[in-house]
Amino acid sequence: MGKTIVESFIWYFFLYSMLGYVCEVLYCSLGARRLVNRGFLHGPYIPVYGFGAIFSIMFLTPFKDFILLVFLLGLSVCSVIEYVTGLILELGFHTRLWDYSGRRFSIRGRICLLNSVLFGFLVLAVLYWIQPAVEKWVGGLPGQLRTVGASGMLLPIAGDTTASIFGMAAFTEKLARLKRMRELMESRLVVVERLEAEIGRLHEQLRRAGYRLLDAFPGMRSLDFDLQLGQVRKIIEERRAKRNQGRKHRKGE
């Protein structure tokens, strides 16, 4: 593959990545009835559309005389690219950027029939309508401009991809840290609840065991457990006061 062809395909990749971004923004914004800024990267381009267009141009152009075949192959190729992209993101970041599980005829939530059909129509639009114009426009660019432009496109996309990957990794790590902290807090709450229940049982047992002793010896003190003894005394006094109040209430009735 010659230098000119490589440079042309870089232009195709960048242009179709931008076109895909526009399509995604329009499609999602109309559905949400508000402006939705789509894309994993920061810039106005979605590389999965660029790859889909490149694969379609390279491998489906020979079948342009068979429009139905182009539609089915385009549908399949783009669906595979979307599925693999979703799988890589899940394996790398344990996160799904999109999930079609709620839609009919989806495969593991990574692709669905509706989007695949739309991809098929996009491939038809690219091969029969858009690409001829794009190819003519790129081919008409001065050689130096085409070379400089191709190099200039790769640099920002490469930098944006690197920054976005690190940003996603940091975001995922924060999610993992939050999960660990939640689990730790919940485990501690479970321990606290169990301890409180055990303390309640001990209080009741001590109240029963110490009721007669503390009644007989009001000034009783413990050399080692005076604080705990005071708590038991308080529980007994509160229970006695509550019982006396109940008796007065019944007499009043």
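Restricting to the range 32-54, and then to whatever is in contact with a Cys (Cβ under 8 Å, 6 or more places away or on another chain) and not in a loop (DSSP other than H, G, I, E, B), can you tell me which residue is farthest from Thr162 (Cα to Cα)?
Filtering first and then ranking leaves Gly52.
Would a scan of the range 60-81 turn up a residue that is in a helix (DSSP H, G or I), free of Cβ contacts under 8 Å to residues at least 40 places away in the same chain, within 30 Å of Arg177 (Cβ to Cβ) and not basic (Lys, Arg)?
There is no residue in the range 60-81 that is in a helix (DSSP H, G or I), free of Cβ contacts under 8 Å to residues at least 40 places away in the same chain, within 30 Å of Arg177 (Cβ to Cβ) and not basic (Lys, Arg).
Can you go through Ser101, Ser79 and tell me which one is closer than 21 Å to Leu122 by Cβ, polar (S, T, N, Q) and within 26 Å of the chain's Cα centre (by Cα)? Break it down into steps so the answer makes sense when it comes.
Numbers: Ser101 fails: closer than 21 Å to Leu122 by Cβ.
Testing whether each residue is closer than 21 Å to Leu122 by Cβ, polar (S, T, N, Q) and within 26 Å of the chain's Cα centre (by Cα) leaves just Ser79.
Is it the case that Leu189 is farther than 30 Å from Asp65 by Cβ, assigned to a helix (DSSP H, G or I), modelled with pLDDT under 85 and assigned by TED's automatic domain parsing to the domain that holds Tyr16?
no
Residues in the range 64-71: is at least one over 31 Å from the mean Cα position of the chain (by Cα), over 20 Å from Leu41 (Cβ atoms) and surrounded by 15 or more Cβ atoms within 10 Å (Cβ to Cβ)?
yes
For the subset of the range 18-37 comprising residues that are small (Gly, Ala, Ser) and without any contact (Cβ under 8 Å) to a residue 24 or more places away in the chain, which member is surrounded by the most Cβ atoms within 10 Å (Cβ to Cβ)?
Only one residue tops the list, namely Ser29.
Answer with yes or no whether Gly43 is touching a Gly at 6+ places or on another chain (Cβ under 9 Å) and under 30 Å from Arg177 (Cα atoms).
Judged against the criteria, Gly43 is not a match.
The values are calculated or read from the model by the stated rules, or taken from the named source; none is laboratory data. As the structure is a computational prediction, the values presented were derived from the model and not from experiment. Backbone-built Cβ (ideal geometry, glycine too); neighbour counts: all protein chains shown.
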